[in-house]
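Presented below is the structure to which this report refers.
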Amino acid sequence: MEAEWQARTELLVGAEGVALLREAHVLVVGLGGVGAMAAEVLARAGVGSMTIADGDRVQPTNLNRQLVALHSTLGHSKAEATAQRLLDINPELKVRVVGEFLKGQPLVDLAREPYSVVVDAIDTLSPKVFLIVEAVGAGNRVVSAMGCGGKLDVSQVQTGSFWSVRNCRLASTMRKRMRHLGFGADFRAVYSTELSRAESVVHCEEEQNRKSRVGVIAYMPLLFGTLLAAEAIRIVLGDVAEKGGCHKPLVGIM
């Protein structure tokens, strides 16, 4: 058995699966409600190396949904706060912190490095599109979160092909931008088919690269982040995820 804290994971995916997770290097970009949750699930699953990136700092408006948002962390770097939390879960985790908003050549350089999976949890259009285009172009597998603001119904949250996402303004705008760039590759996305509530959107110019603020409930970004991590873990495990750790036929439980 692996270390005691990974015993339950090993029962499910086997020693081979635990080893694959330990050897994986995952990039997580965007450490808000969605990205920080994805990073935490990946750390708890036993991913051995992570690069995490975000230039934002914890604000009072983050307290309703973001794991690292506490009164004790207000004003702190989200990237540094996330790294501290991940290392408190797994002190052996190899974590690289990029505490800046990525654009231009630094974004391209980071996206083109080799990773087991790239997890996109960016909530602004241009860097989100360019991260995906550059990462996929470099041969990386990508999982991406679509918009979770203005939505309440967890039963409509799902994963699937990016090009099949519907009822998401962000995805629609991304597709237009990607087609303009000549990009047509597919990747996995987490999204909701629920229509966003128009009254939940307030236009403003006060936040980094944002022209509006969208209402969001505590559980929705956490669900999106969990599903992002699940998709990333599925990619890392490959066939091991299908056969499980005990290599026995599945049985019903009465």
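The values are calculated or read from the model by the stated rules, or taken from the named source; none is laboratory data. Computed from a predicted structure; not experimentally measured. Counting neighbours? That spans all protein chains shown, and the Cβs are built from the backbone with ideal geometry, glycine included.
May I ask you to say which residue of Val108, Val41, Val26 is under 27 Å from Cys148 (Cα atoms), touching a Ser or Thr at 6+ places or on another chain (Cβ under 7 Å) and surrounded by fewer than 24 Cβ atoms within 10 Å (Cβ to Cβ)? When all the criteria are applied, what remains is Val41.
When Val68, Val26, Val97 are screened for being over 20 Å from Ala138 (Cβ atoms) and out of contact with any Asp or Glu (no Cβ under 7 Å at 6 or more places or on another chain), only Val68 passes. When we screen Ala43, Ala19, Ala15, Ala39 for residues that are without any contact (Cβ under 8 Å) to a residue 24 or more places away in the chain and assigned to a helix (DSSP H, G or I), the only hit is Ala19.
A single entry from Ser172, Ser164, Ser144 fulfils the requirement of being buried (at least 20 other Cβ atoms within 10 Å of the Cβ), out of contact with any Gly (no Cβ under 6 Å at 6 or more places or on another chain), at pLDDT 95 or above and among the polar types (S, T, N, Q): Ser144.
Residues checked against (1) without any contact (Cβ under 8 Å) to a residue 12 or more places away in the chain; (2) acidic (Asp, Glu); (3) farther than 23 Å from Leu237 by Cβ; (4) in contact with a helix residue (DSSP H, G or I) (Cβ under 7 Å, 6 or more places away or on another chain):
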site	(1), (2), (3), (4)
His71	yes, no, yes, no
Ala81	no, no, yes, yes
Lys103	no, no, yes, yes
Asp109	yes, yes, yes, no
Val119	no, no, no, yes
Ile122	no, no, yes, yes
Pro127	no, no, yes, yes
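I want to confirm something. Restricting to segment 146-185 and keeping residues that are among the basic types (Lys, Arg) and free of Cβ contacts under 8 Å to residues at least 60 places away in the same chain, which single residue is nearest to Pro127 (Cα to Cα)? Looking at residues that are among the basic types (Lys, Arg) and free of Cβ contacts under 8 Å to residues at least 60 places away in the same chain, I get Arg177.
The condition (being in contact with an Asp or Glu (Cβ under 6 Å, 6 or more places away or on another chain) and β-branched (Val, Ile, Thr)) is satisfied by just one residue among Val18, Val13, Val41: Val18. Starting from residues that are among the hydrophobic types (A, V, I, L, M, F, W, C) and touching a Lys or Arg at 6+ places or on another chain (Cβ under 7 Å), keep the ones in segment 126-160 and report whichever is farthest from Leu20 (Cα to Cα). This residue is Val129. With respect to (1) under 18 Å from Ala241 (Cα atoms); (2) crowded, with 24+ Cβ neighbours inside 10 Å; (3) among the basic types (Lys, Arg), the lone exception for Lys78 is condition (1). Every condition in (1) more than 20 Å from the chain's Cα centre (by Cα); (2) surrounded by fewer than 14 Cβ atoms within 10 Å (Cβ to Cβ); (3) at pLDDT 95 or above holds for Ala185 except the one numbered (1). Looking only at residues in segment 111-141 that are touching a strand residue (DSSP E or B) at 6+ places or on another chain (Cβ under 8 Å) and among the basic types (Lys, Arg), the one that is surrounded by the most Cβ atoms within 10 Å (Cβ to Cβ) is Lys128.
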